[in-house]
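The values are calculated or read from the model by the stated rules, or taken from the named source; none is laboratory data. Given the structure is predicted, the values throughout are model-derived calculations rather than measurements. Because the Cβ atoms are built from the backbone with ideal geometry, glycine has one as well, and the counts that use them run over all protein chains shown.
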Amino acid sequence: MNPQAILTMYRFEMARFFRTLSQSLISPVLSTSLYFVVFGAAIGSRIDEVEGVDYGAFIVPGLIMLSVMTQSISNASFGIYFPKFMGTIYEHLSAPVTFLEIVIGYVGAAATKSFLIGIIILVTAFFFVDLDIQHPIAMLLFLILTCLSFSLLGFIIGIWADNFEQLQLIPLLIITPLVFLGGSFYSITMLPPFWQGVSLFNPVVYLISGFRWAFFGASDVAVGWSLLAIAAFTAICLAVVWWIFKTGYRLRD
């Protein structure tokens, strides 16, 4: 393990994040604040409580997950795509660093960025609603695991993509709809029985449900299933990343 190489890649990615702070940090926080205004005030005035929780507070975990998932994918995919686009990725591949060190550097930086965004959105939420986090350690655990797993997914997308349009393809057409249909703004128990069953095939349901449990002690699915789902997703992403570097897929062309 080469800590200096990991730290160099990590610092480079974090420096790029702070250079574009208005786009990387302020923009997602402002957009999430608009969600609080629209959903919390407009819709919340018509829905008093969901599962015994004020609707404005109920949507906070879903909003944080929405931002964290999309930002994790975006930061990681752009972070690895640019070296591939500019050709500097070959310097990494020819340098005395392993694929694991490259992944830790880039994915670690992307996860750190999305974690910071998630924490800032959480702090912002206190200005709009009253929150009482029942399981703060579990909340941080779910947040960190989500940042890491979706940063790994973004890393895979960044290597797979051939152009900037493909970078946005999976987040826009797959991830965002899954998040909106995964109980971000509602409990799946509010759905008819048939659609409740269909929702259980959406992996994002388990992530949001576990994260919401950490806040309010209530969830749509058992917390154990949530942890198992995110662990399985992370393992699959790690296996795909290992296969990419083993075969040189989209790296040695």
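Scanning for something of a type in the set (A, V, I, L, M), more than 20 Å from ILE188 (Cα to Cα) and touching a residue at least 12 places away in the same chain (Cβ under 8 Å), does region 57-66 turn up at least one residue?
Checked against the condition, which is being of a type in the set (A, V, I, L, M), more than 20 Å from ILE188 (Cα to Cα) and touching a residue at least 12 places away in the same chain (Cβ under 8 Å), region 57-66 yields no hits at all.
Inside region 95-138, can you point out the residues that are among the β-branched types (Val, Ile, Thr), outside any helix (DSSP H, G or I) and closer than 29 Å to PHE78 by Cα?
Matches in region 95-138: VAL97, THR98.
Would you mind finding the one in PHE201, PHE233 that is in contact with a helix residue (DSSP H, G or I) (Cβ under 6 Å, 6 or more places away or on another chain) and not acidic (Asp, Glu)?
Step by step, each of PHE201, PHE233 is checked, and only PHE233 is in contact with a helix residue (DSSP H, G or I) (Cβ under 6 Å, 6 or more places away or on another chain) and not acidic (Asp, Glu).
How many residues are closer than 14 Å to LEU66 by Cβ and acidic (Asp, Glu) if we restrict to region 174-230?
Number satisfying all stated conditions: 0.
Looking at region 53-62, is at least one residue over 23 Å from ALA15 (Cα atoms) and charged (D, E, K, R)?
Checked region 53-62: at least one residue is over 23 Å from ALA15 (Cα atoms) and charged (D, E, K, R).
With the checklist (1) without any contact (Cβ under 8 Å) to a residue 40 or more places away in the chain; (2) over 23 Å from SER77 (Cα atoms); (3) in contact with a helix residue (DSSP H, G or I) (Cβ under 7 Å, 6 or more places away or on another chain) in hand, flag the one item ALA214 doesn't pass.
In the conditions (1) without any contact (Cβ under 8 Å) to a residue 40 or more places away in the chain; (2) over 23 Å from SER77 (Cα atoms); (3) in contact with a helix residue (DSSP H, G or I) (Cβ under 7 Å, 6 or more places away or on another chain), ALA214 misses (1) alone.
Out of the residues in region 68-88 that are of a type in the set (Val, Ile, Thr) and buried (at least 19 other Cβ atoms within 10 Å of the Cβ), state the one that is nearest to the chain's Cα centre (by Cα).
Only one residue fits best here, namely VAL68.
Note down all Cβ pairs under 9 Å where the first residue falls in region 125-139 and is polar (S, T, N, Q), the second is at pLDDT 85 or above, and they're at least six residues apart or on different chains.
Close Cβ pairs (under 9 Å, with a partner that is at pLDDT 85 or above) amount to GLN134/TRP213; GLN134/ALA214; GLN134/PHE215; GLN134/PHE216; GLN134/GLY217.
Which residue pairs have Cβ atoms under 7 Å apart, sit 6 or more places apart or on different chains, and have a first residue in region 186-201 that is free of Cβ contacts under 8 Å to residues at least 12 places away in the same chain and a second that is part of a loop (DSSP other than H, G, I, E, B)?
Between residues of region 186-201 that are free of Cβ contacts under 8 Å to residues at least 12 places away in the same chain and residues that are part of a loop (DSSP other than H, G, I, E, B), there is no close pair.
Among the candidates LEU153, LEU227, single out the residue that is in a helix (DSSP H, G or I), in contact with a Cys (Cβ under 6 Å, 6 or more places away or on another chain) and modelled with pLDDT of 90 or more.
None of the others qualify; the one that does is LEU153.
Looking only at region 1-21, count every residue that is polar (S, T, N, Q) and farther than 13 Å from THR98 by Cα and tell me the total.
So the answer is 2.
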